[in-house]
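Engineer: To start, I am sharing the structure in question, which I have written as structure tokens.
The values are calculated or read from the model by the stated rules, or taken from the named source; none is laboratory data. Owing to the predicted nature of the structure, the values given are computational and were not obtained by experimental measurement. Accessible surface areas use protein heavy atoms only, side chains included; no ligands, DNA or RNA. Shrake-Rupley method; radii C 1.70, N 1.55, O 1.52, S 1.80 Å.
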Amino acid sequence: MKKRVLFVCLGNICRSPSAEAVFNGLVKKAGLTDMIECDSAGTAAYHEGETADQRMQSHAIRRGYRLTSIARKFDPSVDFDQFDYIIGMDDDNVNDLQDLSSSIEDMGKIFKMTDFCSHGGHYSVPDPYYGGADGFELVLDILEDACEGLLNEVRG
Ligand code: 4NP
């Protein structure tokens, strides 16, 4: 059975599309595209149908990540069934996902991205939307670390 991972942030235009691209890069490099797939979503619908934030795209492309996803809102009626790991970027995302869950099984699928970091000191992937360039770089730094740990967890 293919393992399915869903990355979740607030708007689905900065952090979770980046997580998707970084994770896809690692999955491809490991030759596991037949075994593992991922998607992303937002807890809010503000940017539904939009491509990723231009600032996030330009920081990501410099590290070789193309952000191709189109924003969508998390849908508890299908996403809890469709995915094995549902991963919020910060505590607000995790709390919102927990509020939307309706079973112990759903609850058990919810994680925070930084749970998978091996370099210490980060307890969330901070929202870069209202900040400067450093915030976008920090998002990518944390995601590159966390995605390695996540791949090890998912591949088992
Ligand atoms: P994201 O960033 O949750 O990483 O996609 C944000 C994008 C949009 C907004 C906030 C955060 N917003 O308020 O519109």
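Engineer: Give, in nm to one decimal, the length gained when the segment between Met107 and Asp34 is fully stretched (0.36 nm per residue of separation minus the Cα-Cα distance).
Structural biologist: 23.6 nm
Engineer: Considering amide H positions built from the backbone, and no H for Pro or chain starts, which residues 5 or more places from Ile86, or on another chain, come under 5 Å of its amide H?
Structural biologist: Placed amide hydrogens put Leu6, Ile110, Phe111 under 5 Å from Ile86.
Engineer: If you restrict to DSSP beta bridges whose two residues both lie in the range 3-155, what percentage is antiparallel, to the nearest 5?
Structural biologist: 5 percent
Engineer: Pop out the ³J(HN,Hα) list for the range 99-109 in order, Karplus 6.51 cos²θ - 1.76 cosθ + 1.60 with θ = phi - 60°, rounded to Hz; leave Gly and Pro as x.
Structural biologist: Once θ is set to phi - 60°, the couplings for the range 99-109 become 5, 7, 7, 10, 8, 4, 5, 4, 4, x, 8 Hz.
Engineer: Which percent of the accessible area of the range 12-156 is formed by carbon and sulfur heavy atoms (probe 1.4 angstrom)?
Structural biologist: The value for the range 12-156 is 47 percent carbon and sulfur by accessible area.
Engineer: Right, something else. Using the heavy atoms of the protein chains alone and a 1.4 angstrom probe, what is the accessible area of the chain per residue in square angstrom? Can you show the working numbers first?
Structural biologist: Details: 7890 Å² over 156 residues.
Value returned for the chain: 51 Å² of accessible area per residue.
Engineer: Quick one: check the C-alpha center-to-center distance for the range 81-156 versus the range 1-48, whole angstrom.
Structural biologist: 11 Å
Engineer: Please compute the length gained on full extension between Tyr123 and Met1, using 0.36 nm multiplied by the number of residues separating them and subtracting their Cα-Cα distance.
Structural biologist: Numbers: separation 122, 0.36 × 122 = 43.92 nm, distance 3.10 nm.
Between Tyr123 and Met1, full extension yields an extra 40.8 nm.
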